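Every number here is computed from the coordinates shown, using simple stated rules; none is lab data. The structure displayed is predicted, hence computed values, not measured ones. Here Cβ is always computed from backbone atoms with ideal geometry, including for glycine, and neighbour counts include all displayed protein chains.
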Amino acid sequence: MGFVKYETKGQVGIITIDRPKALNALNSQVLDDLKEVLDGVDQQEIRCLIVTGSGDKSFVAGADIAAMSTMSQAEAEAFGKKGNDIFRALEVFPIPSIAAVNGFALGGGCELSMSCDFRICSENAVFGQPEVGLGITPGFGGTQRLARLVGPGMAKQLIYTAKNIKADEALRIGLVNAVFPQEQLMEEAEKLAAKIAKNAPIAVRASKKAINDGLQVEMDKAIEIEEKLFGSCFESYDQKEGMGAFLEKRKVEKFLNR
Ligand code: CAA
């Protein structure tokens, strides 16, 4: 695949944005390639995705500024929709995703990382929404996801000032869950993914859906969403195996995703 690589390690799928000459900046082709990779993920077998960037300098340095520089209003809106559609597809993808942020995560890069379920990063990671310094707003969901993740006050400060922040500050404000030396980042991401992959996939996916869908509605409705998803697990083989193993004081043999 052109600008996006995909490999599997056991039941973990690793998606790598691979356009190192432009610090993995997102042009239309990169977005198309990302969509194609996501569409091709084996949803029965794969239990967790890791999203990262190639090289040791940049996760994704944003949407492609050269490509955007000559866009008309209509073209920019369409480009924003394209990015939003694919990032939203990743956000609601049944399989959980971890962003392993290995350097610059600016503009569309920060937005890509926020479309994953959670983020870990390397010590050299830099996050930011520099768009207003370029005369535009964030365009791939940054105004919405950053505000939901770190609160509207902090999101507004970061977006209005266009100030980039380092890994330790990203950790402090809750944008990332953990920071690792660069050379350990992928190993740690794979360890986390393997822990997720060990658990019952139907239950993990239902938990993701409960959290995502529940956050969109008021609490009474949110709790109902959880009730339905909780109930749905009881139709699964994996629930019988998980609870059976506990009661029989043995280890789970294997969750089968059914
Ligand atoms: N778009 C296009 N090309 C980019 C790019 C981007 N977002 N970021 C980096 N590049 C290219 C550079 O133009 C350069 O290419 P050439 O070698 O052909 O000149 C190459 O990548 C290496 O970059 P630098 O020489 O600039 O590397 P550096 O180490 O000096 O600086 C950097 C690194 C601080 C990340 C700097 O490249 C930079 O500021 N990039 C732009 C970051 C940015 O503003 N991102 C937001 C884009 S807007 C957006 O994303 C909108 C949205 O929400 C959808």
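Of the residues making up the range 115-123, at least one is within 22 Å of Asn84 (Cα to Cα) and among the polar types (S, T, N, Q). Can Gly53 be described as closer than 26 Å to Pro181 by Cα, crowded, with 21+ Cβ neighbours inside 10 Å, within 14 Å of the ligand (Cβ to nearest atom) and not β-branched (Val, Ile, Thr)? Yes: the conditions hold for Gly53.
Reported count of residues in the range 59-71, each being within 9 Å of the ligand (Cβ to nearest atom) and under 17 Å from Ile14 (Cβ atoms), is 1. For the range 132-240, list the helices (runs of 4 or more DSSP H) that sit wholly inside it and hold at least 1 residues that are within 25 Å of Ile65 (Cα to Cα); which are they? Of the helices (runs of 4 or more DSSP H) lying wholly inside the range 132-240, those with at least 1 residues that are within 25 Å of Ile65 (Cα to Cα) span 142-150, 152-161, 167-172.
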